Structures are given as C-alpha cells and as structure tokens.
Amino acid sequence: MTRVPVFVLAAAVAVGALAGCGGGSETASKADYAEAVVSARDRVDFALAKITVGQGSLDDLVDRMNGAADLIDAAADDFDGAGTAEGFEDETEKLVAAFHQLAAGLAGTAHDASQPGMESLITGTNALQFPGWTKANRVLASLNEQGIAVEPISSH
C-alpha cells in the first residue's frame, strides 16, 4: 500500500473545496437568478424605507442613513455571491456596483451632514438624489425587459 503524505491530501481536499464553492461566479438558473435579483432589490428598498421612519434628531437620521448603507452593502455582497444566470453577467456586475455606489452615497451624505455647519444638507431639503439609485433602477429596468420580473426601487 502506498502512503500519501498528509500535505498532499490536505491540498487535494482544499482544491476540491474551492472548486465546489465557485467563488461567487457560479452559474445560476434563470429562476434562481430572478429570485436573487428581486431579493436584493427588496432589501435595498427596505433599507431606504427605514431612513424615512422616525422623527428623531439629526443624529438619529444620520444613524438610520448609515444603517441603510450597511444593509445595502450587505445586499450587494449577497447578490454578488448568489451566482449569475448565463447571459446576465454584465447586469449583475452593474447592479452590484450601483448598490455599492448607493451605499457609499448614503454614508457620505450622512458623514457630511453630521459635520458642524453642514446640517442643512439633510434638514434643508425634502429629497435627496443618489446616482447609485438611478443606476440601479436602470439595470433593474433592463432586467425587466429581459424577462426578470422586478420592480424599480421606490423613491422614499
């Protein structure tokens, strides 16, 4: 009987495990992909809606914006790792980037508004616009045209 060194077995197991996990670039069925798109969109919409709930101080609003940014980043990461249906690689990349851009925009605005003298960035307006929101909705509209039934992210 031939003995195989332990490190060779460990390396073989590690390679097999890596091959099985796909590293986030797995191919998903169109139905699974559609479910992942809708889930990510719903999570982003939920995070944005949470910002508008409450009538606390500016600090509370900044905290809600930062919390929403964290939720949106997590939704983007989860969506990115869920796998992509064949033919939707570009849309996945664009949607993940748009979600991350939206999260960064929220966090940046929250940071800027929390600086002394900058409160009017938030308190002096009844609406904010973020390029990431617009880009995400463009990708969602494109996906909808390609047969992935998904609504745009609401304005809150």
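The numbers here are math on the coordinates, done by the rules we state, and not lab data. Note that the structure is a prediction, hence the values are computed from the model and not measured. Here the Cβ is made from the backbone with ideal geometry for all residues, glycine too, and neighbour counts use every protein chain on show.
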Next item on the list: Return the loop-located GluC sites (Glu not before Pro) in region 67-156 (DSSP other than H, G, I, E, B) with at most 11 other Cβ atoms within 10 Å of their own Cβ; answer none if there are none.
Entry: E86
Next item on the list: For region 28-145, give the magnitude of the charge dipole about the Cα centre (Cβ charges: +1 Lys/Arg, -1 Asp/Glu; no others), in debye to the nearest 20.
Entry: 380
Next item on the list: Work out how much length D77 to E145 would gain on full extension: take 0.36 nm times their residue separation and subtract the Cα-Cα distance, in nm to one decimal.
Entry: 22.1 nm
Check: Under a straight-distance cross-link criterion of Cα-Cα below 19 Å, which lysines are reachable from K30, leaving out those fewer than 8 residues away in the same chain?
Finding: K94
Notebook entry, point to check: Can you list the trypsin sites (Lys or Arg not before Pro) in region 88-156 that are in a DSSP coil and have 12 or fewer other beta carbons within 10 angstrom?
Noted result: none
